[in-house]
Amino acid sequence: MGSITDSAPLTLRPATAELRPVVEQFAQLYRHDMSEFLGHLPAADGTFGFSTLPLFFDEPGRKALLIQYGAAPGGFILTRPMPEGRTSISAFFVVRALRRRGVGQQAALQLLRSRPGAWAIAFQEANAGAARFWRQVATAAVGSAWHEETRPVPPPAPATLPEDTWIYLNTSS
């Protein structure tokens, strides 16, 4: 078991087959966190469904990355290509012990800078921490050269889900 140090290096690692179980475990924690905002309940066995997670390991263009904090896994990021050419950050999770320490922002900026281009990041306004976080990340990445839109979640998602706020930015310049 690792401990928190201010000097631990942070890296993003592709989630290989060997690392997939780590991401799958973190995905349960992520879905638990999101249940507060999306109203998801666990199944009878206590696990949260995440039907699209396998796509990030199997579908071309989608990526699963492990956030590595020193020797310890610290979270994960899921990205996918969007039809209009942007890359979407579909899921972003940092373990609680590393939150509010700059680790999430460092990981997000490392990701955005590693793939210059157009990005789209969705979150729900009810998740005030995520709203604040992503606006800070966008500003740190491109200054004021970003914008946001609010859109309903498209079908087949249930109509009861809250609208998504999307941040759009381009890290090419």
Label-point separation in nm, ALA72 to ARG100, each point 7 Å along Cα→Cβ: 1.7 nm
Extension gain (nm, one decimal) between THR47 and GLU59, 0.36 nm per residue minus Cα-Cα: 2.0 nm
Cβ crowding within 10 Å averaged over residues, with 99-109, 73-83, 12-22, 39-49 ranked highest first: 73-83, 99-109, 12-22, 39-49
C-alpha center-to-center spacing [the range 1-70, the range 97-153] in angstrom: 18 Å
Positive dipole terminus of the chain, leading residue within GLN28, SER51, ALA108 (C-beta point charges): ALA108
Charge tally in the Cβ shell below 12 Å around PRO81, where Lys, Arg are +1 and Asp, Glu are -1, PRO81 excluded: +3
Helix-only [θ]222 nm of the chain, DSSP H runs n ≥ 4, -39500 (n - 2.57) each, per residue, nearest 500: -9000 deg cm²/dmol
Within-11-Å neighbourhood charge of VAL95 [Cβ basis; K, R +1; D, E -1]: +2
The range 45-173 - percent relative contact order, Cα under 8 Å, separation 6 or more: 18 percent
Local electrostatic count at ALA126 - Lys and Arg +1, Asp and Glu -1, tallied over other residues with Cβ under 12 Å: -4
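Coordinate-derived values only; no laboratory data. Every value quoted in this text rests on a predicted model; they were computed, and no experiment measured them. When we count neighbours, we look across all protein chains shown, and the Cβ atoms used for this are built from the backbone with ideal geometry, even at glycine.
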